[in-house]
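Here's the structure we're looking at; comments come further down.
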Amino acid sequence: MATNFNSSWKLGTKMTALVVDDDSINQTIHHRLLEQLGIENHVARNGKEAIDIHCSGKKFDLILMDRDMPIMNGIEATRKLRAMGIRSMIAGVSTRCVKQEIQEFMEAGLDDYQEKPLTSAKIISILHKIDHSGSISY
């Protein structure tokens, strides 16, 4: 059974996440995995939607960012979010496993990278890098 991360998160606040992925199956899988861990989450279909959501004032503790999407890919979206001062934990997720491609994604401003498909264990691994004050610990 999955741990509910919100039970041990900052008192009185719920952990929130943004799933950024153009594939509806991956959106559903990632949404449900986060939900099972007690994490409130929203979905964006591409990097531009993720930027727009942040421009509207929403903030998230975790962003799961796909690499390859139409309109704006994960590399460009991650760079823009960091340029906007977004300090959320951004974890890149992709089926790509070529070291150079992963490195390019990491250099855009990722805090972590996980190969798809995501599992509860992979998400928990990402969450353990966020301490209870909301900052990232390595």
**Request:** Name the residues whose placed amide hydrogens come within less than 5 Å of the amide hydrogen of residue 92, ignoring near sequence neighbours (fewer than 5 apart) on the same chain.
**Result:** 65, 111, 112, 113, 114
**Request:** Output ³J(HN,Hα) for region 24-29: one whole-Hz value per residue in order, computed from phi by the Karplus curve 6.51 cos²θ - 1.76 cosθ + 1.60 with θ = phi - 60°, and x for Gly and Pro.
**Result:** 5, 5, 5, 4, 5, 4
**Fill in**
Residues whose modelled amide H sits under 5 Å from the amide H of residue 69, counting only those 5 or more places away in sequence or on another chain, are 74
**Request:** Read phi for every residue in region 80-91 and hand back ³J(HN,Hα) as whole Hz from Karplus 6.51 cos²θ - 1.76 cosθ + 1.60, θ = phi - 60°, with x for Gly and Pro.
**Result:** 5, 4, 5, 5, 7, x, 5, 9, 4, 5, 10, 10
**Message:** Let me see the P(r) profile for region 52-116: every Cα-Cα distance counted, bins of 10 Å, each bin given as a percent of all pairs.
**Reply:** 22, 58, 18, 1
**Request:** Name the long-range amide H neighbours of residue 43: under 5 Å, sequence gap of 5 or more, or other chain; modelled H, no Pro or chain starts.
**Result:** 19
**Message:** With θ taken as phi - 60° and the coefficients 6.51, -1.76 and 1.60, list the Karplus ³J(HN,Hα) couplings across region 107-112 in order, rounded to whole Hz; mark glycine and proline as x.
**Reply:** 5, 5, x, 5, 9, 7
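No value in this document is a laboratory result; all are computed from the given coordinates. Here the structure is a predicted model, which means the values were calculated and not measured.
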